[in-house]
Amino acid sequence: MNSIQGHDPRTGGPVGDPVPATGTKQVDALVQAAFAAFETWRDTGRAARAAALEAVADALDAHVTELVALADSETALGTTRLTGEVARTTGQLRLFAEVVRDGSYQGIVIEHAEAARPDLRRIKRPIGPVAVFAASNFPFAFSVAGGDTASALAAGCPVVVKAHEAHPRTSLRTAELVREALQKAGAPEGVFDIVFGVEEGAALVRHPLLSAVGFTGSTRGGLALAKLCAERPNPIPFYGELGSVNPVIVFPGAARSRAQEIARGYAASLTQGVGQFCTNPGVLFVPDEPELLGAIEAAVGESTGGPMLSQRIHDGYVSAVDELGSRGDVSLLASGKAGEGPWSAAPKVYRTTLDAVRESSELLTEEHFGPVGVVVVGGAPADAIDVIESEGGGNLTATVHADLAGGDDAQEARRIGRLLAERAGRVIFNGWPTGVAVTYAQQHGGPFPATTTPAYTSVGAAAIDRWLVPVVYQDFPPELLPDELR
């Protein structure tokens, strides 16, 4: 690929000039520069690193109108959604500035010498230059200046971003603003850069001076990169967010008391962003309650889809819908309108049974990227959790809808919640999984295949932990210790 051409999802036609691929030789030069910048950036004081992150946030805010227009032309996500996403992105940068200033992310433990025990002082240090692979569905928050980049820079790690092919001009302009802001803030040259091209992404991962990789994307693409990381002469950590169906269990009491509310919430969550969210509620377990099923059919039937991010993503959605529609063990429950444009997707919801899921586990485990859901009808919540435990993999989220006030659901809700916590990184009560708050408490991860490293998160303050490794200083004289350990 000699250049990356952006496309307007509303028309399918090219938009703007193509962005040249970086070339593997230039990838080597960029990683060399990142490695050369590591010592200086690592040793830059926390206050200065925090100020640099805030400078990047200020630069993006100052150009929000320009960035939103570029992104909308390449993603069709709309100015309202994209303006909010820029605000989320700059909010993440400022959050990590706060994290750096606080300093507790370093996990410092000091044990003074006592009897035969030596003096031990533990601290987390930055791992080194890292690669960040941008996502298609969040051109800002999970892209060039997104949470992975912000947390890695906060940790003291230089970053080389692999831009996503779905929004090349947006990525290029964002990178220009980030580089300029970091330079003005006094960051060393090479502390941040960007590469374009598929081959360039592989070359980036293979580079011997790279220390870790962060990725948000498909299971297939993520596993390919994870393999590259593992097969290097010096294997490196791979923090991949891959796939999730985010199961939702509706209890009988909730189905009876809140049928309309649950149906509307489900349809809104399923179709938000044309279903192009890693937290899309892909599998819904419900009792055989005609009112709830009718409400779901009506709510989804009234929904309208829209253009998907790329032709490849749209083709994948069409293939998934065709495959589901051709199965003998599922039937179409509801269908919305497609919207305009050649890459538009009509929301679809299919109905199946617990027995079908037991016989064909892919109904529960296979993520369908887009506004498509599977509703598993019949059985009790205990049956749903049994299927999830026996057939399902890990997920980013799991949700319980229960009516505790009525008393019918209370006995099982606690047990089901505890069991779901073993299968997901975030367990939700009477809500919906789309929408991930960027806070100190957030966990956006989960057992495989949701992520490759379930102990870590890619959203929230704890995301910085991915780019840190612990080291203990034993019996070091105070004058030789890092400042924080003296």
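Table for the structure above
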| quantity | calculated |
| --- | --- |
| Rounded D (µm²/s) - region 199-272, Kirkwood Rh over Cα pairs, Stokes-Einstein at 10 °C, 1.306 mPa s | 103 |
| Lys337 long-range amide H proximity, modeled H, under 5 Å | Ser303, Thr304, Gly305 |
| Percentage, to the nearest whole number, of Cα pairs in region 12-87 over 21 Å apart | 57 |
| Neighbour-limited loop hits for trypsin sites (Lys or Arg not before Pro), region 220-280 (at most 12 other Cβ within 10 Å; DSSP other than H, G, I, E, B) | none |
| Only Lys, Arg (+1) and Asp, Glu (-1) charged, at Cβ; the chain dipole about Cα centre in debye | 700 |
| Helix 219-231 axis, angle to the chain major axis (alpha carbon atoms, nearest 10°) | 30 |
| Residues of region 53-137: accessible area per residue with a 1.4 Å probe, Å² | 40 |
| Solvent-free Debye scattering, log10 I(q)/I(0), computed from the Cα coordinates of region 69-212 at q = 0.13, 0.15 Å⁻¹ | -0.63, -0.79 |
| Extended-chain gain in nm, criterion 0.36 nm per residue less alpha-carbon gap, Gln311 and Leu120 | 63.1 nm |
| Hz values of 3J(HN,Hα) by residue in region 124-132 - Karplus curve (6.51, -1.76, 1.60), Gly and Pro given as x | 9, 10, x, 7, x, x, 10, 9, 10 |
| Cleavage-rule hits (GluC sites (Glu not before Pro)) in region 148-216: DSSP loop, at most 16 neighbouring Cβ within 10 angstrom | Glu189 |
| Region 167-292 - percent relative contact order, Cα under 8 Å, separation 6 or more | 20 |
| Relative contact order (%) - the chain, alpha-carbon pairs under 8 angstrom, separation at least six | 17 |
| Residue-by-residue Karplus 3J(HN,Hα) for region 440-452, coefficients 6.51, -1.76, 1.60, Hz, glycine and proline x | 5, 8, 5, 10, 10, x, x, x, 4, x, 4, 9, 8 |
| Region 14-75 versus region 162-241: alpha-carbon centroid distance in Å | 11 |
| Helix-only CD estimate at 222 nm, as mean residue ellipticity for the chain, using -39500 (n - 2.57) per DSSP H run (n ≥ 4) | -13000 deg cm²/dmol |
| Accessible area per residue, Å², region 397-440 with all protein chains present, probe 1.4 Å | 50 |
| Antiparallel bridge percentage (DSSP; both residues within region 79-191; nearest 5) | 50 |
| Under 5 Å, built H, 5+ apart or other chain: amide partners of Ala345 | Gly306, Met308 |
| Over 29 Å between alpha carbons, listed pairs Lys124/Lys162; Lys25/Lys184; Lys184/Lys227; Lys124/Lys227; Lys25/Lys124 | Lys184/Lys227; Lys25/Lys124 |
| Region 409-484: chymotrypsin sites (Phe, Trp or Tyr not before Pro) falling in loop per DSSP and having at most 14 other Cβ within 10 Å | Tyr440 |
| Whole-percent carbon and sulfur share, accessible surface of the chain, 1.4 Å | 52 |
| Counting DSSP beta bridges with both ends in the chain, the antiparallel % (nearest 5) | 35 |
| Folded to 0 to 90 degrees: helix 290-301 orientation relative to the chain principal axis, Cα | 60 |
| Candidate lysines for bridging to Lys337, where Cα separation is under 22 Å - those fewer than 8 sequence places away on the same chain excluded | Lys348 |
| Degrees between helix 311-326 axis and first principal axis of the chain (Cα, 0 to 90, nearest 10) | 30 |
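The values are calculated or read from the model by the stated rules, or taken from the named source; none is laboratory data. Quick caveat, the model's predicted, so the values are computed rather than measured. Because the Cβ atoms are built from the backbone with ideal geometry, glycine has one as well, and the counts that use them run over all protein chains shown. Accessible surface areas use protein heavy atoms only, side chains included; no ligands, DNA or RNA. Shrake-Rupley method; radii C 1.70, N 1.55, O 1.52, S 1.80 Å.
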